Amino acid sequence: VSVLAIDPRNANRILIGSGDGQIYSSNDGGTVWKRMRPGIRALGFIVTVLHFDREKPNLIYAGVKPQTEVGEDVGPNSGSFFISEDNGESWREAESMRGRAVRSFSQSGSEPNVMAIAASKGVYRSSDRGKNWELITPVGDPELRGFHSVAIDPRDANAIYVGTHHLPWKTLDGGKTWKRTGHKEV
């Protein structure tokens with residue numbers, strides 16, 4: 001199990017993602033599990049994100065990255081982001097995230113249409129519930145790189161925090177400018 005999500009409207013409904021690209025669901029608090037079919041069709045990938053939409057009960061999000069991260073974010077086999085609008089019965093891939101190794105995801109608490117993804121090579125923001133994504137981190141920055149986690153301030157959809165392999169960063173303007181949020185103690 002690489003990721004787990006509990007439906008905020010029904011604690012008996014649980015989803016788990018596997019290291020082989022499968023999603024399983026339980027409707028009885030984890031006693032019985034059933035593989036979602038056809039699922040997201042992500043064999044060779046690790047499911048890294050499962051998220052129930054904050055407002056829309058049948059909307060579920062899933063993200064994947066390759067099992068081996070060599071050459072990630074350089075082609076169609078590098079990862080992606082998927083959306084189900086029918087409670088996991090069918091999934092569609094977000095075209096603008098195809099080829100992106102998705103590591104982390106966040107949905108705004110104050111503006112649920114706003115979302116952010118930390119992929120290995122950048123942070124992406126959507127203002128339309130994941131239909132379209134825009135890269136909001138500068139390409140080639142020597143410090144702002146190696147993205148692992150992302151969180152959106154629950155009160156301000158423009159305040160996004162990102163964890164990298166060496167420092168945390170934040171933007172207060174939806175990604176136009178970034179600054180480090182702390183320092184490493186030696």
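The values are calculated or read from the model by the stated rules, or taken from the named source; none is laboratory data. In this text the structure is predicted, and so the values were computed from the model without any measurement. Please note: Cβ atoms are built from the backbone with ideal geometry, for glycine as well, and neighbour counts cover all protein chains shown. Side chains are part of the model used for accessible areas, which takes the heavy atoms of the whole protein and leaves out ligands, DNA and RNA. Shrake-Rupley method; radii C 1.70, N 1.55, O 1.52, S 1.80 Å.
Residue check: Asp7 meets all listed conditions (1) open to solvent by 20 Å² or more (accessible area, probe 1.4 Å); (2) among the charged types (D, E, K, R); (3) at pLDDT 95 or above; (4) in contact with a strand residue (DSSP E or B) (Cβ under 7 Å, 6 or more places away or on another chain) but one, namely (1).
Looking at this structure, is Gly99 closer than 24 Å to Val114 by Cα, open to solvent by less than 20 Å² (accessible area, probe 1.4 Å), within 18 Å of the chain's Cα centre (by Cα) and modelled with pLDDT under 95? Here the answer is yes, as Gly99 does meet what is asked.
Which is under 27 Å from Leu172 (Cα atoms), open to solvent by 70 Å² or more (accessible area, probe 1.4 Å) and without any contact (Cβ under 8 Å) to a residue 40 or more places away in the chain, of Asn58, Asn132? Matching residue, one of Asn58, Asn132: Asn132. Take the residues in the range 72-89 that are of a type in the set (Ser, Thr, Tyr) and part of a strand (DSSP E or B); name whichever of them is modelled with the lowest pLDDT. Once the filter is applied, the top-ranked residue is Ser80. Listed by first and then second residue, the pairs linking a residue in the range 151-177 that is over 20 Å from Ser110 (Cβ atoms) to a residue that is assigned to a loop (DSSP other than H, G, I, E, B) and modelled with pLDDT of 95 or more, with Cβ atoms under 8 Å apart and 6 or more places separating them unless they lie on different chains, are Trp169/Trp178. For the range 5-42, residues that are over 19 Å from Asp86 (Cα atoms) and under 18 Å from the mean Cα position of the chain (by Cα) total 4. Within the bounds of the range 21-41, is there any residue that is modelled with pLDDT under 95, among the hydrophobic types (A, V, I, L, M, F, W, C), surrounded by 21 or more Cβ atoms within 10 Å (Cβ to Cβ) and touching a strand residue (DSSP E or B) at 6+ places or on another chain (Cβ under 9 Å)? The answer is yes, given that some residue of the range 21-41 is modelled with pLDDT under 95, among the hydrophobic types (A, V, I, L, M, F, W, C), surrounded by 21 or more Cβ atoms within 10 Å (Cβ to Cβ) and touching a strand residue (DSSP E or B) at 6+ places or on another chain (Cβ under 9 Å).
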